[in-house]
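This report concerns only the one structure given below.
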Number of protein chains: 2
Amino acid sequence: MTIATTDPVQRAQRLDALRAEYESFRARGLALDMTRGKPCNEQLDLSLGLLDCTGRDFRAADGTDCRNYGVLEGLPEARALFAELFEVQPSEVIVGGNSSLALMHDVVVQALLKGTTGGPAWHGQRPKFLCPSPGYDRHFAICERFGIEMLPVAMGPDGPDMDEVERLVAADAQIKGMWCVPRYSNPGGVVYARDVVERLASMRTAAPDFRILWDNAYAVHHLVDAPPPLANLLAACAAAGSPDRAIAFTSTSKISFAGAGVGALAASAANIRHILAGMSIQTIGSDKLAQLRHVRFFKDAAGIAAHMRKHAAILKPKFDAVTTILAERLGGKDIATWSDPAGGYFVSLDTPDGCAAKVVGMADAAGVKLTKAGATYPLGKDPRDRNIRLAPSFPPLEQVRQAMELVTICVEIAALEQISG
Amino acid sequence: MTIATTDPVQRAQRLDALRAEYESFRARGLALDMTRGKPCNEQLDLSLGLLDCTGRDFRAADGTDCRNYGVLEGLPEARALFAELFEVQPSEVIVGGNSSLALMHDVVVQALLKGTTGGPAWHGQRPKFLCPSPGYDRHFAICERFGIEMLPVAMGPDGPDMDEVERLVAADAQIKGMWCVPRYSNPGGVVYARDVVERLASMRTAAPDFRILWDNAYAVHHLVDAPPPLANLLAACAAAGSPDRAIAFTSTSKISFAGAGVGALAASAANIRHILAGMSIQTIGSDKLAQLRHVRFFKDAAGIAAHMRKHAAILKPKFDAVTTILAERLGGKDIATWSDPAGGYFVSLDTPDGCAAKVVGMADAAGVKLTKAGATYPLGKDPRDRNIRLAPSFPPLEQVRQAMELVTICVEIAALEQISG
């Protein structure tokens with residue numbers, strides 16, 4: 001029975017019941033947090049061995065003393081490990097510090113001030129970025145800070161609306177970049193289809209210095225046994241004659257330790273040279289001991305894959321709780337849709353238009369913090385005010401259940417109040 | 001007997017003898033490196049305990065799980081430790097990643113793109129920096145990369161020529177910044193006198209957003225038992241009514257591990273807020289486990305001071321070898337002057353004008369790499385071609401001796417060849 005088919009009396013009765021449920025939740029004085037994609041303690045415990053796996057052996061395989069200065073591009077064995085993840089050659093990898101966000105931020109900053117291999121400084125050219133939305137708020141925040149105009153592009157089940165993307169980049173040389181989270185998009189859990197990847201690589205761009213920032217944050221973060229494949233954008237760009245178009249990023253933040261992992265990027269030889277030229281002015285090198293620990297602990301991509309299955313065992317029940325409670329409480333009512341991701345860190349929930357901010361506010365008032373409504377859109381403004389990002393990784397399973405019960409109550413109340421005028 | 005008092009025949013004989021010495025050096029096929037201020041293995045071994053001092057205890061004093069995201073400004077106990085070194089309050093400290101150079105670079109980059117607490121973006125204003133010279137090549141490289149015009153200012157025994165500094169900053173609103181290494185300047189080993197610090201704090205600047213980048217890289221890196229005092233620039237700026245003028249930097253790169261230390265900055269509350277606003281877009285936080293290790297290992301400033309005495313015990317004989325061999329082989333000949341630093345990482349050698357590049361080239365040809373001549377000046381151009389930076393920390397003592405024997409031979413040959421026309 002959908003809301004639309006109920007009569008006003010039924011709706012009023014249902015609202016009374018839901019409000020009572022809501023009040024009883026509020027009375028419990030919960031303090032739950034589903035705002036950010038943080039690993040939980042049990043996940044972090046999986047990597048405790050990182051803390052002491054090197055002992056006092058501080059030498060890289062080639063004899064490099066990892067305690068001392070140097071090796072700007074990263075340890076050879078760390079580049080090799082990330083090359084496996086990126087499906088590129090080690091020479092096409094730079095291993096950095098603990099933050100892949102910083103690598104992305106700095107690539108944008110350097111392009112603003114110094115340009116890319118494909119053209120002069122973006123600064124002063126009024127640069128614009130395509131922003132598949134809903135998307136990752138920290139990507140959008142980089143654009144916002146530096147005055148890069150954001151053009152939202154709708155996300156579909158296979159990735160961004162490529163007809164729109166192709167139309168925009170062909171027409172406007174100010175469009176210098178595009179943010180993508182290609183497998184398990186944040187928040188939708190979308191996996192970019194092969195066709196989308198190939199169109200991104202081969203599309204004609206008015207800007208010769210157009211750059212795709214390919215944030216493969218959840219490259220190996222599967223929740224299912226047979227993860228959906230992701231085509232290799234860097235290879236597709238090389239094949240399409242646009243080898244410098246894409247720069248890929250990833251990190252071990254949600255593999256090992258969120259705050260003490262290792263970030264890396266992959267790109268064409270020309271991009272690597274260009275990026276290292278900027279980095280050589282910024283730093284003498286990243287923390288090689290952190291890189292060494294990761295290589296010693298994980299060994300190779302197979303080691304990481306095995307490790308990620310342990311993460312999945314912890315995370316899957318939480319994601320299942322989210323989608324199960326959504327289905328039980330909102331299914332068939334025609335008031336919400338949500339993702340059922342095969343990996344990543346989020347469930348994306350769409351309420352009726354105009355209800356997301358209200359739901360987030362109601363949940364907060366009853367002790368459940370959700371990601372701010374609108375956060376998944378450029379400038380924090382969801383034009384339909386409907387998208388809510390649910391991040392179930394950090395709270396214990398029982399708290400995820402409690403939070404989702406409340407969220408569904410809030411969604412139904414908001415929907416009923418809206419239809420009742 | 002100085003060169004000027006010798007007659008041509010004596011000089012020719014001396015040159016023959018020196019050339020024979022030089023050839024015998026070259027025949028030995030040495031491969032020594034005195035280019036960079038890198039700690040040696042024995043120094044790094046002093047901090048081996050850092051590698052395992054935390055065991056698997058990853059919690060900060062306030063319970064923070066250092067493995068997870070967050071705490072952008074740094075762990076409270078790490079801020080407290082650096083606050084002791086900076087002589088400020090913990091709230092005035094940001095503890096970052098492994099590179100204080102990156103903190104400086106990023107402060108400049110943010111000022112270029114977004115301005116400071118004192119004014120709009122530097123970019124487009126044709127900013128200039130004062131560069132006390134000889135100075136640190138990596139500071140100058142930041143300016144060079146971003147098109148910041150560098151105005152060299154002469155260094156004297158008490159710091160930069162303050163009459164010149166005051167004259168310049170009062171007259172030119174494009175002068176937005178100044179690089180300083182205030183105690184044990186790189187390369188001269190100069191300690192800024194109290195009067196210099198107070199004049200820097202109180203001088204009138206045409207630019208309201210003038211910033212002193214106070215790179216206190218060698219804050220605790222003493223070679224003597226009673227180190228020369230350094231006045232607190234941040235306190236002096238606060239007292240002079242220019243609290244936001246200075247940003248101080250330091251790191252443990254030459255305390256613990258050069259490539260895996262912890263960098264930090266100190267500044268006014270307004271500057272800290274401003275810098276954190278930029279950092280919050282760049283990263284979710286620095287590696288807190290690295291910070292925790294450092295606090296556990298060193299405990300406090302007294303612990304660091306005790307540790308630095310062990311460094312001095314390793315370094316002092318190398319510095320003594322440099323200055324002793326310089327005195328033995330060049331003393332009284334009126335062809336060179338050099339520093340005898342009470343701390344830091346360098347000895348600064350001045351040859352006769354026009355001889356530095358030749359000396360560095362000759363040394364290189366005989367197997368001793370020195371810092372490139374000119375590197376200690378903006379754009380790599382020493383106007384008098386006389387300054388050579390000697391970095392004796394990394395090679396073993398016997399190699400320092402060999403290298404310095406050769407360097408003195410090269411200096412005397414260059415001087416004699418020059419006087420002989």
Restricted to the range A:183-206 and to residues being assigned to a loop (DSSP other than H, G, I, E, B), in contact with an Asp or Glu (Cβ under 8 Å, 6 or more places away or on another chain) and under 26 Å from residue A:274 (Cβ atoms), the residue most open to solvent (accessible area, probe 1.4 Å) is A:204
Across the range A:207-222, what is the total count of residues that are more than 22 Å from residue A:126 (Cα to Cα) and not in a strand (DSSP E or B)? 6
Does residue A:56 meet the test of being more than 8 Å from every other protein chain (Cβ to nearest Cβ) and not acidic (Asp, Glu)? no
Suppose we filter A:391, A:336, A:357 for residues that are more than 19 Å from the chain's Cα centre (by Cα) and buried (at least 19 other Cβ atoms within 10 Å of the Cβ); which single one remains? A:336
Within the range B:394-411, work out how many residues are open to solvent by less than 10 Å² (accessible area, probe 1.4 Å) and out of contact with any Ser or Thr (no Cβ under 8 Å at 6 or more places or on another chain). 9
Does any residue of the range A:118-131 turn out to be of a type in the set (Lys, Arg) and in contact (Cβ under 8 Å) with a residue 60 or more places away in the chain? no
Could you check the range B:80-138 and list, in sequence order, the residues that are hydroxyl-bearing (Ser, Thr, Tyr) and over 27 Å from residue B:305 (Cβ atoms)? B:116, B:117, B:133
Quick check on residue A:35: is it more than 29 Å from residue B:138 (Cα to Cα), of a type in the set (S, T, N, Q) and more than 9 Å from every other protein chain (Cβ to nearest Cβ)? yes
Taking helices (runs of 4 or more DSSP H) that do not extend beyond the range B:84-177, which have at least 2 residues that are more than 14 Å from chain A (Cβ to nearest Cβ) and open to solvent by less than 50 Å² (accessible area, probe 1.4 Å)? B:162-171
Name the residue that is nearest to residue B:313 (Cα to Cα), counting only residues in the range B:44-53 that are in contact with a Phe, Trp or Tyr (Cβ under 9 Å, 6 or more places away or on another chain) and more than 7 Å from chain A (Cβ to nearest Cβ). B:47
Just checking, how many residues over the range A:280-316 are facing chain B (nearest Cβ under 9 Å) and either open to solvent by less than 40 Å² (accessible area, probe 1.4 Å) or free of Cβ contacts under 8 Å to residues at least 12 places away in the same chain (or both)? 9
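The values are calculated or read from the model by the stated rules, or taken from the named source; none is laboratory data. Quick caveat: nothing in here was measured; it's all calculated off a predicted structure. When we count neighbours, we look across all protein chains shown, and the Cβ atoms used for this are built from the backbone with ideal geometry, even at glycine. Quick note on the areas: whole protein, heavy atoms, side chains included, nothing else; ligands and nucleic acids left out. Shrake-Rupley method; radii C 1.70, N 1.55, O 1.52, S 1.80 Å.
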